[in-house]
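Take a look at the structure set out below.
Only the coordinates and a few stated rules stand behind these numbers; no lab work does. The shown structure was predicted, so the numbers you read here are calculated from the model rather than taken from an experiment. Cβ placement follows ideal geometry from the backbone for every residue including glycine, while neighbour counts extend to all protein chains displayed.
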Amino acid sequence: MTKSKKLLAATVGAAVLATGAIGAVAANAAGPAADAKTTVKADAANRNLTQSTHLTIAAATKAAQSALDAAAKEGQKVSVAVVDRDGNTVVTLRGDGAGPQSSSSAEKKAFTAVSWNAPTSALMGRLSKTPNLKDIPGTLFLPGGAPVQAKGAPIAAVGVAGAPSGDLDEKFAQAGVAALNG
């Protein structure tokens, strides 16, 4: 091989090596470091994320309609509200002839039940020990709210208002919860 051919071969070899090294550096720069800026991996080790369970709109509607149907079978004119874990209203149904205050009362009963993960009838006893509980905005400590649970944790609640007694309201709310289990 002539001296000029050896020089040419060495130059080409060096160029190939340099290109490979630059390509490897570029590939590494575009790898995990770039992904970290745009992607959060939700694995068990990442303690910055939580998961929560929510009823679908279809399930919430089924629960509300079941509560309304249970009331209608007994000739009661009520309103029903279903709230999610955060107390946001998902569905409200105002039955034919239900009073104008019943929708708002149903929402507050559902909010109260999901907030404390207990039927509102059970929460009424807490007012004697802590009367200021009734001052918490959005709550109503009257029977008629029933929590919906998954693995013991509240994921929603059904509230009913408008029947002549809180016991009936709560009975109908429980019918809504039971519809989700069937």
Once the in-chain neighbours fewer than 8 apart are removed, the aspartates and glutamates whose Cα is under 19 Å from LYS109 read ASP69, ASP84, ASP86, ASP135, ASP167, ASP169, GLU170
Evaluated at 10 °C and 1.306 mPa s, the Stokes-Einstein D of region 47-150 based on the Kirkwood radius over Cα pairs, in µm²/s, stands at 110 µm²/s
Here, region 70-119 modelled as identical Cα point scatterers in vacuum has Debye log10 I(q)/I(0) at q = 0.13, 0.25, 0.32 Å⁻¹ of -0.30, -0.89, -1.12
Quick shape summary for region 58-98, equivalent ellipsoid via Cα gyration tensor, semi-axes whole Å in descending order, reads 20, 10, 7
Here, GluC sites (Glu not before Pro) of region 74-182 satisfying both criteria (DSSP loop; at most 15 other Cβ within 10 Å) are GLU74
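Report the percentage of all Cα-Cα pairs in region 89-166 whose separation exceeds 22 Å, rounded to a whole percent. Could you put the intermediate results ahead of the total?
Values: 611 of 3003 pairs.
Here the tail beyond 22 Å accounts for 20 percent of pairs.
Please report the relative contact order for region 133-182, taking Cα pairs under 8 Å with a sequence separation of at least 6, and give it as a percent rounded to a whole number.
Numbers: 61 pairs, mean separation 16.6, N = 50.
That works out to 33 percent.
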